[in-house]
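Visitor: Mind looking over this structure? Questions follow.
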Amino acid sequence: MKRLFYTLAYTLLIVAFASCAPEVESVKYPELNTLDNTLWYSYNQTTTTYYDVVFAANDGEMIGYEDAERTKEISREGFEYTFDNVLDVVAVNFDNGARYAGILVPKGEFQISNIDVYIIQLYGVDENGEILYTPEGQLESSLLFWME
């Protein structure tokens, strides 16, 4: 009986302390219905290139810079894109022939520098939209864009 009393007392203490924990408020961010007139960022660690990715109506530009301050432009590549805002699917065709497809991840799922961001994760694809892999089974190419 004494053991049952202590078990119940400890259980009540645990429940009481758990109910005192501060409630974490979830932040609701707006869904993106379009990519038109948005500016995204990217970084290529291999080449240490910083990118601004500008989406217009159905096309855009990916502008590369040699530093984070964007003082010296080193590349510029145009692209056409499609965005399905129901499925959050993005497809990008660069002027150089490279094709990418992937998804838009809603803001609040990931953080960059402790800031909630929207993410576009793209993978290199062939003309049929199939992801390209190396002979070793690794992804051939991927791009990651983010926007606050």
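Visitor: In whole Hz, with x marking every Gly and Pro, tabulate ³J(HN,Hα) for the range 44-49 from phi via Karplus 6.51 cos²θ - 1.76 cosθ + 1.60, θ = phi - 60°.
Guide: 9, 5, 5, 9, 6, 10
Visitor: At a 1.4 Å probe, what is the % contribution of carbon and sulfur to the accessible area of the range 40-148?
Guide: 46 percent
Visitor: Sticking with this structure for a sec: How much net charge surrounds N58 when only the other residues with a Cβ under 12 Å from the Cβ of N58 are counted, with Lys and Arg +1 and Asp and Glu -1?
Guide: Around N58, the charge tally is -3.
Visitor: Could I ask something else about it? Find out how many positive minus negative residues lie around L132, taking Lys and Arg as positive, Asp and Glu as negative, among other residues whose Cβ is under 13 Å from that of L132.
Guide: My count for the surroundings of L132 gives -4.
Visitor: Set the Förster radius R0 to 22 Å, insert the Cβ-Cβ distance between L39 and L139 as r into 1/(1 + (r/R0)^6), and round the FRET efficiency to 0.05.
Guide: Taking R0 as 22 Å, the efficiency between L39 and L139 is 0.25.
Visitor: Let me ask you something else. Restricting to Cα pairs below 8 Å that are 6+ residues apart, what does the relative contact order work out to for the range 80-148? Please round to a whole percent.
Guide: In percent, rounded to a whole number, it is 23.
Visitor: May I ask for the distance between the Cα centers of the range 115-148 and the range 55-69, given as a whole number of Å?
Guide: When both Cα centres are located, 17 Å separates them.
The values are calculated or read from the model by the stated rules, or taken from the named source; none is laboratory data. Please read these numbers as outputs of a predicted model, since none were measured by experiment. Here the Cβ is made from the backbone with ideal geometry for all residues, glycine too, and neighbour counts use every protein chain on show. In case anyone asks, the SASA skips ligands and DNA or RNA and just uses the protein heavy atoms, side chains included. Shrake-Rupley method; radii C 1.70, N 1.55, O 1.52, S 1.80 Å.
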